[in-house]
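The values are calculated or read from the model by the stated rules, or taken from the named source; none is laboratory data. Model, not experiment: these values are computed from the prediction. Note that we place each Cβ from the backbone using ideal geometry, even for glycine, and neighbour counts take in every protein chain shown. Protein only, heavy atoms only, side chains kept; ligands, DNA and RNA dropped before computing areas. Shrake-Rupley method; radii C 1.70, N 1.55, O 1.52, S 1.80 Å.
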Amino acid sequence: LSLYDISRAPGIAADMSHVATAGEVNGYISEKLGNALQGTKIVVIAAGVPQKPNIVQVNLFNTNAPIVWDLAQAVSKDAPEAHILITSDPVNSTISIVTEVLKKASKFNPAKVW
């Protein structure tokens, strides 16, 4: 399991490594995104801020879209065969961002974007 976050992933990975499984857990910070994606088969993009009652959709999009775009760029380069699950709000727009980034990189497979 590779975890990526701009700052907290190594600590979260340390906490998760105590789970009794045979798997290995690694945490990566911002400049190591490519390392986190190497050999990845499934990518979950749950980045940005969540939907809250007082947040206007356009503000939510303006906050989360650049983050999702950057992650999609990295996936297209470092994990082009991975399945990608996008949960970042607004989901209907962030899925489109990932799709377009992958299409531009000639890496889009509609069966692998959820």
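Of 101, 75, which residue is under 11 Å from the mean Cα position of the chain (by Cα) and buried (at least 20 other Cβ atoms within 10 Å of the Cβ)?
75
Just one of the numbered conditions (1) surrounded by fewer than 14 Cβ atoms within 10 Å (Cβ to Cβ); (2) more than 17 Å from residue 2 (Cβ to Cβ) is not true of residue 65; which one?
Evaluating residue 65 over (1) surrounded by fewer than 14 Cβ atoms within 10 Å (Cβ to Cβ); (2) more than 17 Å from residue 2 (Cβ to Cβ) leaves (1) as the failure.
Here are 55, 6: which of them is without any contact (Cβ under 8 Å) to a residue 12 or more places away in the chain, surrounded by 11 or more Cβ atoms within 10 Å (Cβ to Cβ) and under 26 Å from residue 90 (Cβ atoms)?
55
Limited to region 9-43, what total is found for residues that are of a type in the set (A, V, I, L, M, F, W, C), open to solvent by less than 80 Å² (accessible area, probe 1.4 Å) and closer than 21 Å to residue 73 by Cβ?
Within region 9-43, residues that are of a type in the set (A, V, I, L, M, F, W, C), open to solvent by less than 80 Å² (accessible area, probe 1.4 Å) and closer than 21 Å to residue 73 by Cβ number 6.
For region 69-96, give me each residue that is in a helix (DSSP H, G or I) and under 22 Å from residue 31 (Cα atoms).
Listed by number, the residues that qualify are 69, 70, 71, 72, 73, 74, 75, 76, 77, 78.
Consider residue 15 against the criteria (1) part of a helix (DSSP H, G or I); (2) under 17 Å from the mean Cα position of the chain (by Cα): it satisfies all of them except one. Which criterion is unmet?
Every listed condition holds for residue 15 apart from (2).
Suppose the filter is within 11 Å of the chain's Cα centre (by Cα) and surrounded by 15 or more Cβ atoms within 10 Å (Cβ to Cβ); does residue 93 pass it?
Judged against the criteria, residue 93 is not a match.
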